[in-house]
Every structure is written in structure tokens, then in C-alpha cells.
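Following: one structure in C-alpha cells, then a few remarks.
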Amino acid sequence: MSHDTQELIDFDEHDQETRPGGARGWWIVLIVLLGAVVTLALGLASALSFDKASRLEEWAGESMVVSGTYQTLTKDLVTQDYNGIYAGIMPKNELTERYPFDNRLDDPIKKTEGNQITFRGTQTGVQDSDFPREVDALLAEQNGHLTVVETGEPGSYRDSGVTDSMVTGQRVRAAALGVGALFCIGLTAWGARRVHRGVRAGT
């Protein structure tokens, strides 16, 4: 066997030994990156869910829901974006008897069951197409007035407003997302370790 032929055989054997390890190394990087992204997403969702649960707790048993239809848009009170203006009918609720209604457009005024109302939505955008055509508005007492504290898709809130069970459900969801984030961390570490052991076994 010639010297050149022996060198080609040795190079081929060395190449077969090194390529799998390099590929597995990239797999470790991909596993860690994917795990980090999923963990971050789940952790952020959990934090937002806990924050929403805290907000809902403030309104539990002291809120009501009004359905609204999109009318136009108006300048947001805080940002440079716009809010949608919606029209709806005030339902029967003891809160309307206790507090004047502040639609965040005009001065607060007393409203009763069946009155036509307009209100500012909480979603922001820059043009008509950014806003849903129909929303459910959650009304609660703030600073002595009944006002819209959140707007969401139809069915986002129960007809009776926020209840204790709704708050509990939101917290359970937040906790489940948090557990999912922790599980993802463990799964990422396990996967990276398995691939790393494969690299070492192949060397």
C-alpha cells in the first residue's frame, strides 16, 4: 500500500470521527436556543397572567359588562396612538345607581338601564382597521365613577362581570404557564446533556 493511499484512509477515518461530534455540538446549541426562547415566552405569559389576575381581583364582584359596536377613533389619553369609540346600551346593574358613568370622553353623567352610551375602548391603534368591530367592555368603579377599565373580544368577561372564580382561573392559568417554563428548563438541560454524552461516547 502506498504512502499516499494510507494518508487518504487515515484522513477519511479521522473525518468520520470528527463530523458527528461537530454535528452534535450544533444540536446542543439549537436545543439550548430553542429551550431559552420557549422558556422566555412561557415565563412572560405567566407573569402577564399573574398581573391580569391581580387587576381582576380589584374588580371581583364590583364590575359589569357592556357590549359595544365600533363607531370611530379618537386620540389616546396617554400615548400617541388612538382608541376606538364604541356605542352600547347600559344594562341593569346596581353600580349604575351608585356611580355616575365616565366614558372617558365627556364629563361623568348618571346613566340608567336602557340608556344609549358611548365609551372609549382600551385597545390602541392608528387606523380604523386596527380596532375590532364588536367588543365587551368591563366597567368598574374608579375614583368614584363607573368607567371602562378593559375592553376585549365578545365573551371575554361573564355577563355579571368579574367573579372570584374568574380570578382563581386566571391564577391557575398563570401557575400552569410558570410550571411549563420550569419544565422547559429541565427538558432543555436533559436534552443538551443527552447529546453531549453522545458526543463523548462517539469520541
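The values are calculated or read from the model by the stated rules, or taken from the named source; none is laboratory data. Small disclaimer: the values here were computed from a predicted structure and weren't measured. A quick note on method: Cβ atoms are made from the backbone with ideal geometry, for glycine too, and the neighbour counts reach across all protein chains shown.
Determine, yes or no, whether residue 77 is more than 24 Å from residue 57 (Cα to Cα) and touching a Gly at 6+ places or on another chain (Cβ under 7 Å).
Against the criterion (more than 24 Å from residue 57 (Cα to Cα) and touching a Gly at 6+ places or on another chain (Cβ under 7 Å)), residue 77 does not qualify.
Can you confirm whether residue 195 is assigned by TED's automatic domain parsing to the domain that holds residue 86 and in contact (Cβ under 8 Å) with a residue 12 or more places away in the chain?
The answer is no for residue 195.
Going through 67, 129, 165 one at a time, which residue ends up being over 30 Å from residue 39 (Cα atoms) and either hydrophobic (A, V, I, L, M, F, W, C) or in a helix (DSSP H, G or I) (or both)?
From the options 67, 129, 165, the qualifying one is 129.
Of the numbered conditions (1) in contact with a helix residue (DSSP H, G or I) (Cβ under 8 Å, 6 or more places away or on another chain); (2) modelled with pLDDT of 85 or more, residue 20 fails exactly one; give the number of that condition.
(2)
If residue 8 passes every condition in (1) exposed (fewer than 12 other Cβ atoms within 10 Å of the Cβ); (2) aliphatic (A, V, I, L, M); (3) at pLDDT 85 or above but one, which one does it miss?
Of the numbered conditions (1) exposed (fewer than 12 other Cβ atoms within 10 Å of the Cβ); (2) aliphatic (A, V, I, L, M); (3) at pLDDT 85 or above, the odd one out for residue 8 is (3).
Would you please name the residue that is nearest to residue 123 (Cα to Cα), looking only at residues in the stretch 89-112 that are surrounded by 12 or more Cβ atoms within 10 Å (Cβ to Cβ) and basic (Lys, Arg)?
Per the criteria, the residue is 104.
So, in the stretch 151-182, of the ones that are closer than 23 Å to residue 91 by Cα and free of Cβ contacts under 8 Å to residues at least 24 places away in the same chain, which residue ends up surrounded by the most Cβ atoms within 10 Å (Cβ to Cβ)?
152
What number goes with the only condition from (1) farther than 19 Å from residue 152 by Cα; (2) assigned to a strand (DSSP E or B) that residue 106 does not pass?
It fails just one condition, (2).
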